[in-house]
Amino acid sequence: MPATIVETNKDKFSLIDIDPITLDIIENAMMNARHEMDAVLFRTAMSPGIREQHDEFPMIANLEGKMVVGQFGSFIHGFKEAYNGTIEEGDLFLTTDPYACNGAISHINDWLLLRPIFKDGRLIAYAAMFGHMTDVGGKVPGSLPTDAREIFEEGIRIPPTKIYKNDELQTDLLELILHNCRMPNWNRSDFNALVAAIRTAEKRVIEMAGRFGDDVFYSALDELLARNKRAMGKLIKNTVPEKKQFFEDYICDDGLGMGPYKIKCAMWREKDKVIFDFEGTDPQSISSINFYLNEEMFKMFCGVYMIMVFDPQIMFNDGFYDLMEVKIPHGTLLKPQEPAALSCRTHALGRIFDVLGGLLGQGDPDFLAGAGFSDSPHFMYSGYDKNGEWYQLYSIGFGGVPGKPSGDGPDGHSLWPSFTNVPNEFLESYFPLRIETYETITDSGGAGYNRGGNGLRMGYCFLEPGTISIHDDRWLTYPWGVNGGEPGRRSEKILVRTDGSQERLPSKCDRIEVGSGDILYFNTWGGGGCGDPLKREVERVEFDVRAGLVSMDGAKRYGVVMNADRRVNLKRTETLRARMAQKRGKVPMFDRGGDIETLKKRCLKETGLQPPRQPEFQSWALKVLEGGKAAASGSVKVKRAAGKKAAKKTAKKAAPKPKAKAKVKTKAKTAKKTA
Amino acid sequence: MTYRLGVDVGGTFTDLILVNETSGDIHTAKVPSTPDDSSVGVMNGVERVCGNAGIDPSEISQVMHGTTVATNTVLTGSGSKVGLVTTRGYKQVLQIARSYVPGGLGGWVIYNKSDPLAPLACTIEADERMGANGKPVRGLDTKALEKAMAQLKEENIEALTVSLINSYANPKHEKAVEKVARKALPGVPISLSSSVVPEMQEYERTITTVANSYVRPKVAEYVKNLEKKLKKGNKNIQLNILRSDGGMASAKLAQQLPVNLLMSGPAGGVSGAVWVAKQAGFENLLTFDMGGTSTDVALVQDGKAHLRRETTVGDVTVRASSVDVRTVGAGGGSIAHVPELTGALRVGPESAGAQPGPAAYNKGGELPTVTDANVVLGYLPSEVRLGGDMEIRKDLAEKAIKPVAKALGISVKRAAAGIIDIVNENMYGALRLVSVEQGFDPRDFALIGFGGAGPLHANALGRLMNSWPVIIPPGPGVLCAYGDATTRVRDEASRTYIRRFADTTTADLAKIYEELAAKALKTLAQQGVPDKDCSVSCQADIRYQGQGLQLTVDFDLKALKKGDLAIIGDPFDEMHKQLFTFALDADKEIVNLRAVAQGKSAEIEARKLPRSGSRTPVNAAKLGNTTVFMDGKDMEATLYQRDKLKAGNKIEGPAVVLEMDSTTVILAGHTGNVDEFGNILIAPTS
């Protein structure tokens, strides 16, 4: 049963004509309100993840639940369909369950708050915001267990719940939730901060409606959505070819030693509509790298990306959703069945952007950028200090932004909106840490006419014994380069013990014990290069060499020869460039640094780590896929033979934790039933 | 007899105010600015104003001056070549910055980061390490550093910054580096992060100190040159420069710490507005300073401008206290356009600037600007002679706006009105940032409009904000000079001191505050301010432990000595509640301690206008009638000449009031009352 909206005022809003100036003013005011939500949250939240790194996203939607301003698209429609209760004035909903809101949030750490905004007894808009909590309980500090098999291991899961009723905080409920978290004070403060931000949005919406009139406000939001649809319609027609484009990229491993996992997508246009089909994406993983992708959210990613690439003037909102169709086969990595584990979805979430870039760029190679820093690598460190006090750090790392048609990618930066790093002096004064190295990695950005940004090297020296967790990717596959640009360098993690011994850590791991004086070198990856490196102006190469961003040797990738005084040798450069151009021949559109088989073969030698095994997919997942095929317009095709064989092989060889397996099986039945 | 002189150098005019320190009598002068070397204009002005007053320049004891030299150096990228010494492993601290990419999701696609203010090729690392607790982990390797200095020498750096990790907790290693650098790079000015801004956060501390080095030679040259010229006729004259936080610094200190001058210009405007409004009887105000390319707004409560611990110029943000001025890229020169895809009307942030300027100025500009819209609507009538001699061409303004009107499918006048509405909305957003979003109700504030275009838009902004009266002071340039002339000498000393309330005592704090106060007073004494004329106030930056923000609490040191930490804790809770609707029952933490010392302010009174005989505007001030487009229709508006208005005059809107360097619009349904100081106070007609 869908949700029932309770209004004391039964008068309907009327749709009236809005003059373009008023419309622009309301648009502006809505944008201001959205930025104000951020400002309030950043200033009052406590966890470094939200307040320093800005792992949060706001939204204001119209009364139908369509996002008018915000970042990640609306989930309200899905929520209303699934929520079996009332939506009343004074309600404020809290949920952390991706499965209950159709993936509006994609792991339990994200606390999502939703507030229906009422004015004079009528629902007039919604405000929502979510933020990533440092800890929500579960089996490991940080609540992002790489080896989780089910969502139950990942912390306290809250279905859509009225945390405020009639504007009264349900204290018992909140306490119950906080009781299950390792850093309850942070959660409490972050929760308060989210509520304050949402209340700010509510205030602004009511003010605006008061200023312009309810009907004008209502109609303006409608028209803003329509205006966006018209603009996007033109954009889609101009930029998306009718011919099918394909692109695929990978998640290197699942934290259990298996991989890579393929994300595949096709894109084409039918008249005004663009269609994305993820057929060919691998089945869901048995570990926690699954990404429960909301179709609407994907539309938003895509729309935003197109706007940024082709015409940044357009203000994006949900208006264009009818112009896109997204097909994600159930039972895949991007649409796993409950209760699949989801906590480490960050890699797939990031990789989606590389897939998008690859797809859209093929239609118009002039707009193609390299593979980006498509992830947010996590580093976690926790334990008890000398005074017996619990410390727990969750932080996000940064890397090389890809080279793009407009210029070089910044070094050691974030691809995510509004993220910032945590100052090292802050880390050192609040955690038993000393950051010995904080620099970008010379030559790690892919060579190109526009250089990919360098990855970042952070040297964490631990001052207290504790445990660490790492979530990262792109250690096996390369961040690809485009139109002649080379791939960026891959990521790596090296733990140097006090006795001088070195250890390569896998890209995803939990519960690694560290001692006082041990140093972890957390090296992220560089961005892919964009365009022909042999055409990069020699002055720009020289500048980078003198800055230490590219080495003298690295300059050779650009066909540039440097003298000992770090000045370009023009004559030898000319010769080298001519030779390289001839040898290379035609430049490929994508340079992935080799196919998967080759990368696997070279893996141990190049990375010091064993290549991942072929993924084992649960047999039921394959069956669900088959069932889904019949139901959901035939969008699924999986290499069953390979998959089944692999599954069987696992059952025999690894048979990990039969108990967990049994559980999965029973859940699979329920999943099938609901499907 | 001694005089103090306030000087404001604007883009077009240099304004001066001469104040008799005994009688409070005032003399003013306005001379053309000389952009190539502004000291020429200043000296011309000094001659003029002294002539007006019939005094000899040698009778001037103090010159108070707001300057945009530092700002322009950053904006035009014309600063010096800065070398940087960092801790080993941190060479790229400016390259990485805070890893932030602006522009929202996908913003990276169009983001091109500018190169660091201190080039990487001029950055070297020192082998040393200070712990977060202020205890050295590893001493400085002097030998290696001496060697590394060769690179900086080879690069011919013009200024040096030393910024080492955790130096805010202990400056020892930075001082050791300074010693080596003095020897290796003789004559190069050196800035240490531990003395420029001894606060936590390595990127912010480094960029602030580098910015200091970057503008230092330019500012030093300007200030020295001006001081030399002033001292020529008068050895005892003292030059003071207005700082971003609205305080005055001696010429010497200004040369050492020019990073504190980045907002000197806007701060002068705010200080002037505060002073003028105070005379008119208003202490709570929103300042609205609209120029050609941007608009600065600020909030003033109880006669004090809000400060913040951050200054942004262009894409450089530094940790330096400044009047909390928010700037939006909306001004008279902002260009209107209609993007094809959306068909929406956009105004700015691109600006036609002074060159080619608005179409109506007939200097080659063809794109439609806000000024052109004002011309089309009749708010800037062709009777106006900008700066006395520039002609306004309504036909050219209409021609420029026509394409916008066509794209929107409306008349040229309606399109012009639309442009004004949109630009007003943008500025309204900025005013909300400093008021509503900080928990202040704009209805409790008056709005004071100045700057070249401020008086044209102030009435409309007052209507949007519901802030009355709207105050239009006479002469926008004079306002800044007033600000300069009436500002107090100020200095502050601060220290990062991170302690939970539970881990410190009032006695600990009192001891540090006394040290800080002594330090700040010493600086003032060096500037010739005797102790008896100084007052010291104390501030603590506080937050809930674990929180990112800090709120600054002002308090009385005596009360703290007698009482407990609640003296600073309770006001913090209250502020938090005002700003964010909630307070927390969590541990509080002190972050920074600060003592602010101030000299005495000048007691002067604004010049008064003669009172009018009757309650209606004297006919002498009436210039005639003009047609304006207002509230969606054509109306007859009365034109007035500002300098003929008398105190007590009442101006019914719609009206346009003209003066040499600004034009005031009074909307229909509003009345402007001229007060005894010549301010026009606009409010809805009751």
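Here are the numbers:
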item	result
Unique match (being touching a Cys at 6+ places or on another chain (Cβ under 8 Å) and buried (at least 20 other Cβ atoms within 10 Å of the Cβ)) among A:LYS508, A:LYS493	A:LYS508
Tally of residues being in a helix (DSSP H, G or I) and either more than 24 Å from B:HIS65 (Cα to Cα) or of a type outside the set (Ser, Thr, Tyr) (or both) across the stretch B:455-495	20
Residues of the stretch B:276-297 satisfying the condition of being part of a helix (DSSP H, G or I), in contact with a helix residue (DSSP H, G or I) (Cβ under 9 Å, 6 or more places away or on another chain) and surrounded by fewer than 24 Cβ atoms within 10 Å (Cβ to Cβ)	none
Subset tally (residues that are within 14 Å of chain B (Cβ to nearest Cβ) and more than 22 Å from A:TRP416 (Cβ to Cβ)) for the stretch A:314-330	3
Test result for B:THR71, touching a Leu at 6+ places or on another chain (Cβ under 6 Å), over 30 Å from B:MET130 (Cα atoms), more than 14 Å from every other protein chain (Cβ to nearest Cβ) and surrounded by fewer than 24 Cβ atoms within 10 Å (Cβ to Cβ)	yes
Only one of B:LEU560, B:LEU579 that is at negative phi and touching a residue at least 60 places away in the same chain (Cβ under 8 Å)	B:LEU579
Scope the stretch B:443-458; condition surrounded by fewer than 20 Cβ atoms within 10 Å (Cβ to Cβ) and in contact (Cβ under 8 Å) with a residue 40 or more places away in the chain; matching residues	B:ASP444
Residue match in the stretch B:540-554 (condition: away from chain A (no Cβ under 14 Å) and either outside any strand (DSSP E or B) or farther than 25 Å from B:ALA305 by Cα (or both))	no
Sole residue being away from every other protein chain (no Cβ under 14 Å), at pLDDT 95 or above, touching a helix residue (DSSP H, G or I) at 6+ places or on another chain (Cβ under 9 Å) and under 27 Å from A:ALA148 (Cβ atoms), chosen from A:LEU333, A:LEU293	A:LEU333
Residue list for the stretch A:46-95, filter: modelled with pLDDT under 80, more than 14 Å from chain B (Cβ to nearest Cβ) and assigned to a loop (DSSP other than H, G, I, E, B)	A:SER74, A:PHE75
Residues satisfying the stated conditions in the stretch B:443-454, i.e. among the small types (Gly, Ala, Ser) and assigned to a helix (DSSP H, G or I)	B:GLY454
Test: residue in the stretch B:19-38 that is within 14 Å of chain A (Cβ to nearest Cβ), assigned to a loop (DSSP other than H, G, I, E, B) and surrounded by fewer than 24 Cβ atoms within 10 Å (Cβ to Cβ)	no
Test: residue in the stretch B:491-512 that is more than 30 Å from A:PRO48 (Cα to Cα), touching a residue at least 60 places away in the same chain (Cβ under 8 Å) and buried (at least 24 other Cβ atoms within 10 Å of the Cβ)	yes
When residues of the stretch A:231-261 are limited to those that are among the charged types (D, E, K, R) and in contact (Cβ under 8 Å) with a residue 40 or more places away in the chain, the one farthest from A:ASP473 (Cα to Cα)	A:GLU248
Filter pass, A:TRP475 being farther than 27 Å from A:MET580 by Cα, at pLDDT 95 or above, touching a Ser or Thr at 6+ places or on another chain (Cβ under 7 Å) and part of a loop (DSSP other than H, G, I, E, B)	yes
In the stretch B:95-118, residue surrounded by the most Cβ atoms within 10 Å (Cβ to Cβ) [restricted to those that are more than 30 Å from A:ARG34 (Cβ to Cβ) and out of contact with any Asp or Glu (no Cβ under 8 Å at 6 or more places or on another chain)]	B:ALA118
Odd one out for B:ARG138, checked against (1) more than 24 Å from B:ALA251 (Cβ to Cβ); (2) crowded, with 18+ Cβ neighbours inside 10 Å; (3) within 14 Å of chain A (Cβ to nearest Cβ)	(2)
Residue count for the stretch B:109-129, restricted to those that are facing chain A (nearest Cβ under 8 Å) and touching a Leu at 6+ places or on another chain (Cβ under 8 Å)	1
Meets criteria (acidic (Asp, Glu), in contact with a strand residue (DSSP E or B) (Cβ under 8 Å, 6 or more places away or on another chain) and touching a residue at least 24 places away in the same chain (Cβ under 8 Å)) for B:ASP289	yes
Residue that is in contact (Cβ under 8 Å) with a residue 40 or more places away in the chain, surrounded by fewer than 19 Cβ atoms within 10 Å (Cβ to Cβ) and assigned by TED's automatic domain parsing to the domain that holds B:GLU146, where the choices are B:LYS172, B:LYS229	B:LYS172
Qualifying residues in the stretch B:151-172 (those that are away from chain A (no Cβ under 14 Å) and in a helix (DSSP H, G or I)) - the one farthest from B:GLU199 (Cα to Cα)	B:LYS153
Residue selected from the stretch B:327-348 under the condition within 12 Å of chain A (Cβ to nearest Cβ) and in a strand (DSSP E or B), by the criterion nearest to B:ASP296 (Cα to Cα)	B:VAL328
Residue in the stretch B:400-442 that is surrounded by the fewest Cβ atoms within 10 Å (Cβ to Cβ), counting only those that are facing another protein chain (nearest Cβ under 9 Å) and not in a helix (DSSP H, G or I)	B:GLY409
The one condition in (1) buried (at least 16 other Cβ atoms within 10 Å of the Cβ); (2) out of contact with any Leu (no Cβ under 9 Å at 6 or more places or on another chain); (3) charged (D, E, K, R) that B:ARG326 fails to fulfil	(2)
The stretch A:179-196 residues that are over 14 Å from A:THR96 (Cα atoms), paired with ones that are part of a helix (DSSP H, G or I) and aromatic (Phe, Trp, Tyr) (beta carbon under 9 Å, 6 or more apart)	A:ASN192/B:PHE580; A:ALA193/A:PHE42; A:ALA193/B:PHE580; A:ALA196/B:PHE580
Top-ranked residue in the stretch A:404-433 [being facing chain B (nearest Cβ under 7 Å) and part of a strand (DSSP E or B); ranked as nearest to A:PHE57 (Cα to Cα)]	A:HIS413
Top-ranked residue in the stretch A:447-471 [being more than 10 Å from chain B (Cβ to nearest Cβ) and closer than 19 Å to B:GLN92 by Cα; ranked as surrounded by the fewest Cβ atoms within 10 Å (Cβ to Cβ)]	A:TYR460
Extreme residue, farthest from the other protein chains (Cβ to nearest Cβ), among residues of the stretch B:349-366 that are surrounded by fewer than 17 Cβ atoms within 10 Å (Cβ to Cβ) and among the polar types (S, T, N, Q)	B:ASN362
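The values are calculated or read from the model by the stated rules, or taken from the named source; none is laboratory data. Owing to the predicted nature of the structure, the values given are computational and were not obtained by experimental measurement. Don't worry about glycine lacking a Cβ; one is built from the backbone with ideal geometry, like all the others, and counts go over all protein chains shown.
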